[in-house]
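Below is one structure; the comments refer to it alone.
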Amino acid sequence: MEEIYKKTVNENGICFCNKEELNMTNPKDFDGERTEFTWIPFYEEIAKKLLEYKNKRSQLIEILYSSLKETGLSSSMYKSDDTEPLKNIDPLTFIGSFNRGNKREDRIKLANIIAGKLGLKNRLSYNEQFLSIPILNSQKSTLFFKHCPEEDYDKLWNLFEKALSYSFEKQGEFAEAFDLALTVKGTAQSYATMTCYWINPYKILSVDKNNTDLLEEYGIKVPSQLSGKEYLSLLNKVTEKIQDNEIKEKSIPEFSLSAWNNSKQIQGNTKMPEQNNISQYINLLKENRNLILHGAPGTGKTFLAKKIAEAMNAEIGFCQFHPSYDYTDFVEGLRPVKTDDASGIGFERKDGVFKEFCKRALLNQTGVEKQGSDNFEEAWKSLVEKLDEVNVIDIPLLSGKGTFPIELNEYGTGLASRTYKTETRDEWIPGKSKFFNKDQLYNIYKGLPGTPAEGHDNYRKAVVKKMKEDFGLKDYIEIIENKSDSKNQKPFVFIIDEINRGELSKIFGELFFSIDPGYRGLDEDGKQKGIVNTQYQNLLTGTSDIFANGFFIPENVYIIGTMNDIDRSVESMDFAMRRRFIFKEVTAEESAENMNLGEEAKSRMTRMNEAISKTEGLNSSYFIGGSYFLGVTDFDKLWDLKLSSLITEYLRGMDDDNSKYDRIKDAYFGNETPNN
């Protein structure tokens, strides 16, 4: 192959390839067509189309929600604040909606529904395998965290644009956009690069684990944190090695496919535990509703918990306890929100992750789902446009005795009614105005209180009435759909990882009572058992919240906790909590079978654990589980990088720790002697 690479270094020290190098990374420059990459034209078309929605993001959000609903997938991962719909979105997260850990058929269906709504020509084949495409974690499917500022979304749009137009002349712009995107809380290096790879796969490399492992085999070490400059140097180095045949793959997509194939071969096709084994766990969970999987480190407890839920065909919820986790995260709490005039911070009650999960479970169990049909968004837009034009509109009071003026507030985010006269519109006196935000007016429109205290609600009702009279607002229609005969009814399994690391009494609060297996379902009088008033129950009075009269855990909710026996915090789990769960140990031997480890890995693990059991001061809680050996081919490196430091920590402070360490090491390497 002709050598066309001439590297140059710009004033910032970035090593650039020339134009020809970048052009040579296109598939047309290679022999033959690769049928594995039939997804690429679809992804390229959808990416180009999304550019049209940079300033129409609300439409993009609506397309996402409606497409998820038509596909039958949950939109719970796409919320701006627990249960609140998104108010902004970036294009990389949007494309990520069909690049999550869902079933292949669901990903194809969702992608094609979205394509139809966007008016695309291409569609994915129902045989599409998504080969070489890295996917997002199902539990973290956005490139942003909740409550992120507006400018963060703009940074992600900028990265999207620079990735899509990536070229030799614009490498510096891409590096700058990359650095800015990594300042967005929630945008990890792996997420930023994999999402850019989706939209420009022949020029941009995903820095995910599979690719970095294969790069290391080719002698290319990838730092854990890359700047934009360093990422460009990595891209250029990979491209150079492809063109010089130092990397056997002929393009970046081929490289990603090889990395994916290698990972599957190394993992040995990790399988679900045999059906008779998984059934015993399912039976335990169904009989007791609350199950804790415990065992030594690395025994795959979280992996097993997810497999149990999958075998039950359940909807899965997930969280991980830690010392800072509390009631407001798990059940409900007060969360900061902007005040009506957008100049300060107030607080609103928001459901925690478990309560929101129980709501979905109850709706699924009862088969009743409430939806609304309205055109509030259009009427609101018309009202705002009119206020932009005339500044002030007089609203008749409900009593018919006078009017009050409304205008856009100082920040243009809601409505205000001044209670004072001013000669200039730019003068705002704090505490001298009434404020009505969009969400409060929408609550009134649906027949709910504007705020929990219902202050100024008569004014809000008057505004809504005016919107109906002059701005085309139609009556709100509540649609109650009964799905009691639907095939969608299913169990809901909530997994609490590292359950013993949190302060359980602080996290569960009054739910100690509700989670008791004996307090699920209805009593003899047909009343709900296990119902409790939560700490902020008074804020739900008079609302349409499904738990307005008290919170309880639906019968179709099951809880699986996981914990390491070795953790010192195990002792913090009091007996009141212990008696509400059943405990099932996952042994090291079971983990090896569950993970389908090879014979050499099993042999080393067994020998080492036998040596640990014979070591004074240690026991089976200190065994090494199968996950340490998963995907390992270099057992020397496994010892040097992981196991050695772990055994050292086990033995810290013990008498004769060096000789104990040597005996365990000898067992691992098969060097035991009769005297050992």
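Starting with the fewest neighbours, write out 493, 532, 632, 390 ranked by other beta-carbon atoms found within 10 Å of each beta-carbon.
Lowest count first: 390, 632, 532, 493.
Net charge near residue 616, counting Lys/Arg +1 and Asp/Glu -1 over other residues with Cβ under 12 Å of its Cβ?
0
Using 0.36 nm per residue, how much length does the chain from residue 606 to residue 659 gain when fully extended, once their Cα-Cα distance is taken away?
Length gained, residue 606 through residue 659: 17.1 nm.
Given H placed 1.01 Å from N in the peptide plane, which residues other than close sequence neighbours of residue 558 have an amide H under 5 Å from its amide H?
For residue 558, the qualifying residues are 492, 493, 494.
Run through the stretch 601-658 and list the GluC sites (Glu not before Pro) located in a DSSP loop whose Cβ has at most 12 other Cβ atoms within 10 Å.
For GluC sites (Glu not before Pro) across the stretch 601-658 that sit outside H, G, I, E and B with at most 12 neighbouring Cβ atoms in 10 Å, the list reads 616.
Obtain the nm distance between the two label points defined at residue 220 and residue 616 by a simple spin-label model: each point lies 7 Å from its Cα along the Cα-to-C-beta direction.
Using points 7 Å along Cα→Cβ, the separation is 5.4 nm.
Per residue, how much space in cubic angstrom lies within the convex hull of the C-alpha atoms of the stretch 552-676?
Looking at the stretch 552-676, the number lands at 145 Å³ per residue.
Collect residues whose amide H, placed 1.01 Å from N in the peptide plane, falls under 5 Å from the amide H of residue 332; neighbours closer than 5 in sequence don't count.
It is 352, by chain and number.
Using amide H atoms built in the peptide plane, which far-off residues or other-chain residues are under 5 Å from residue 414 H to H?
Here the answer is 409, since their amide H atoms fall under 5 Å of that of residue 414.
Taking the Cα-to-Cβ direction at residue 246 and at residue 328 and moving 7 Å from each Cα, how far apart do the two end points lie in nm?
My value for the distance between the label points is 5.3 nm.
How much length is gained on full extension from residue 641 to residue 386, taking 0.36 nm per residue of separation minus their Cα-Cα distance?
Result for the pair: 85.2 nm of gain on full extension.
With a Förster radius of 35 Å, plug the Cβ-Cβ distance of residue 399 and residue 377 into 1/(1 + (r/R0)^6) and report the FRET value to the nearest 0.05.
Working from the Cβ atoms, E equals 0.75.
Let's test the formula: R0 of 35 Å, r as the Cβ-Cβ distance of residue 576 and residue 188. What FRET efficiency results, to the nearest 0.05?
0.35
Can you give me the Cα centroid spacing of the stretch 51-115 and the stretch 600-649 in angstrom?
43 Å
Between residue 531 and residue 413, what length in nm is gained on full extension when 0.36 nm per residue of separation is reduced by their alpha carbon distance?
Full extension of this stretch gives 38.6 nm more.
Net charge near residue 517: determine it from the other residues with C-beta under 14 Å of the C-beta of residue 517, scoring Lys and Arg +1 and Asp and Glu -1.
In short, +4.
Computed from the coordinates by the stated procedures, all read-outs in this text should not be read as laboratory data. Since the structure is predicted, the reported quantities are computational estimates derived from the model, not experimental observations. So basically every Cβ, Gly included, is an ideal-geometry build from the backbone, and we count neighbours across all protein chains shown.
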